[in-house]
Amino acid sequence: MASIVLPRIIRSGGGSLSELPATLSQLGLTAPFVITDAFLASNGLLDRLLAVLDSASISVGLFAGAQADPTTKVIDTALAAMQEGAYDCVLGFGGGSPIDTAKAVAVLAKRPMSYAQMKAPAQIDDAGLPIIAVPTTAGTGSEATRFTIITDEATQEKMLCIGLGFLPSIAIVDFELTMGKPRRLTADTGIDSLTHAIEAYVSRRANPFSDAMALSAMRLIAPNLRIACAEPGNRMARAAMMEGALHAGIAFSNASVALVHGMSRPIGALFHVPHGLSNAMLLPAVTAFSAPAALQRYAECARAMALADPGEGDQAAVAALIGELEALNTELEVPSPAGYGVDRERWFDNIALMARQAIASGSPANNPRLADGEEIEQLYRELWV
Ligand SMILES: NC(=O)c1ccc[n+]([C@@H]2O[C@H](COP(=O)([O-])OP(=O)(O)OC[C@H]3O[C@@H](n4cnc5c(N)ncnc54)[C@H](O)[C@@H]3O)[C@@H](O)[C@H]2O)c1
Ligand SMILES: [Fe+2]
């Protein structure tokens, strides 16, 4: 049995940002508290959002202090800033980090709780303030997911938080906001969404609805990722990547991610590797590890990505998929942990901790091939070379 959850309103396509005021009024919302980061507040993108709201005489509160991989401290600060005024919704503007910050703030505004109470396996289904998500990266799909990911500063753990409370009411998905993304960010966020699509499709919790969205995401992302990196001004490629990220987000919100994401979060938390990059580091090896348990599913991924002919056997299709994921990493210059500058001793000292945190997040339990602690540690060890 499948249970599907979605934002109430999704407006996507070039120029959809201009529809934000009308969409807010559809839900009777008049006073948004905007959460973004300092870079977007200074590079002109936030000004575009504020101009659209201003043109409809909507005045806003603003917190521009969101940080990459939001921490409990930043969320507490944003919440305190919001509570100084009177707002009826929280608007996350930016990549996954500002959107995830907004999600946590929206829930905590209505129902105070500790972060230990908020993290998985807890289900936070109570509605907080309505969440509006306006993504500026084509990556996390957070605009359409029932997740937020928060780093606990005390334990250095990247916590997955799950529940309807984190699902945006409105997603405005305008690829024009992504046209200025630099190459590295385009590659990292693009691989993040490709990982969402593949993991949703092979997940033990996949269902016909999530399958359709995952395959659609792969069809959009696979032929456009390299183009978006090589030709930043290519509107067709940017549009496809943004739509693909949205479809992938819808897919994994309804099927969950799996071992790649479970293992990726601790790398992000401990070594501050950007989320998409740590996924990319893991994706070929974890795919090779997992494929024997779901050969046909991975072969379908290869076919959706146009890496294998429809008549080609599963084994050959999966080999093509793994080859493509390795080639993508080479071409998009994805470093190894060592290449990224991670200290060798710290890496090996933390492998047992990373494996424990990966398992605790619950995501590895959705993987087609279940990995025990020792196997996860071995995958981390092999990632070093
Ligand atoms: N909630 C979910 O469902 C979900 C899913 C996957 C990942 N995540 C989380 O999302 C976070 C990563 O988000 P992200 O990859 O979107 O990056 P991000 O939000 O951390 O942003 C990375 C950098 O890109 C900049 N940036 C954003 N948009 C830009 C643009 N259009 N042009 C130029 N620069 C721009 C930002 O200012 C920032 O410096 C991680 O914390 C990850 O764990 C959440
Ligand atoms: Fe992700």
So, with points 7 Å from each Cα along the Cβ direction, the D88-R346 label distance in nm works out to 4.7 nm
Distance in Å, no decimals, from the C-alpha centre of segment 64-84 to the one of segment 327-355 is 29 Å
Measuring from the longest principal axis of the C-alpha atoms of the chain, the long axis of helix 259-271 (C-alpha) lies at a number of degrees, nearest 10, equal to 70 degrees
Sorted by accessible surface (1.4 Å probe, heavy atoms of the protein chains only), largest first, D349, D69, D192 come out as D349, D69, D192
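Please calculate how many Å² of accessible area the chain carries per residue, with a 1.4 Å probe and no DNA, RNA or ligand atoms counted.
Details: 14360 Å² over 385 residues.
On a per-residue basis, 37 Å².
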Order by accessible surface, 1.4 Å probe, largest leading, for residues S57, S18, S363 comes to S57, S18, S363
SASA check, D47, accessible area w/ 1.4 Å probe, all protein chains in place, rounded to nearest 10 Å², comes out at 90 Å²
For the chain, the longest principal axis of the Cα atoms and the Cα long axis of helix 235-253 enclose an angle in degrees, to the nearest 10, of 80 degrees
Stretched fully, the stretch from E326 through L27 gains (0.36 nm per residue minus C-alpha distance, one decimal, in nm) 103.1 nm
Under the 7 Å Cα-to-Cβ spin-label approximation, Q67 and V385 lie apart by a distance in nanometres of 3.7 nm
Heavy-atom accessible area of F209, protein chains in place, probe 1.4 angstrom, given in Å² to nearest 10, is 70 Å²
Two pseudo-spin positions, 7 Å from Cα along C-beta at D125 and at N234, lie apart in nanometres by 4.4 nm
Listed by chain and number, the lysines with an alpha carbon less than 18 angstrom from that of K119, same-chain partners under 8 positions apart left out, are K73, K103, K110, K158
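Counting only protein heavy atoms and a 1.4 Å probe, tell me what percentage of the chain's accessible area is made up of carbon and sulfur.
Values: 7780 of 14360 Å².
The computed percentage sits at 54.
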P(r) over all Cα-Cα pairs of segment 256-385, 10 Å bins from 0 to the longest distance, whole percent per bin, short to long, reads 13, 43, 33, 10, 1
Looking only at aspartates and glutamates whose Cα falls under 14 Å of K181's and that sit 8 or more positions away or on another chain, we get E231
Tilt, helix 351-360 to longest principal axis of the chain (alpha-carbon atoms), in degrees rounded to tens, equals 60 degrees
Stretched fully, the stretch from M1 through K110 gains (0.36 nm per residue minus C-alpha distance, one decimal, in nm) 36.1 nm
The alpha-carbon pair-distance distribution computed for the chain, with 20 angstrom bins and whole-percent values, is 31, 60, 9, 0
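Which FRET efficiency, nearest 0.05, do E153 and S57 yield, Cβ-Cβ r, R0 30 Å?
Working: r = 39 Å, r/R0 = 1.31.
Computed FRET efficiency for E153 and S57: 0.15.
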Rounded to the nearest 10 Å², the accessible area of M179 using a 1.4 Å probe with every protein chain kept is 50 Å²
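The values are calculated or read from the model by the stated rules, or taken from the named source; none is laboratory data. If you're wondering where the values come from, they're calculated on a predicted model, not measured in any experiment. Cβ sites come from the backbone with ideal geometry, for glycine too, and all protein chains shown count toward neighbours. SASA here: full protein model, heavy atoms, side chains in, ligands and nucleic acids out. Shrake-Rupley method; radii C 1.70, N 1.55, O 1.52, S 1.80 Å.
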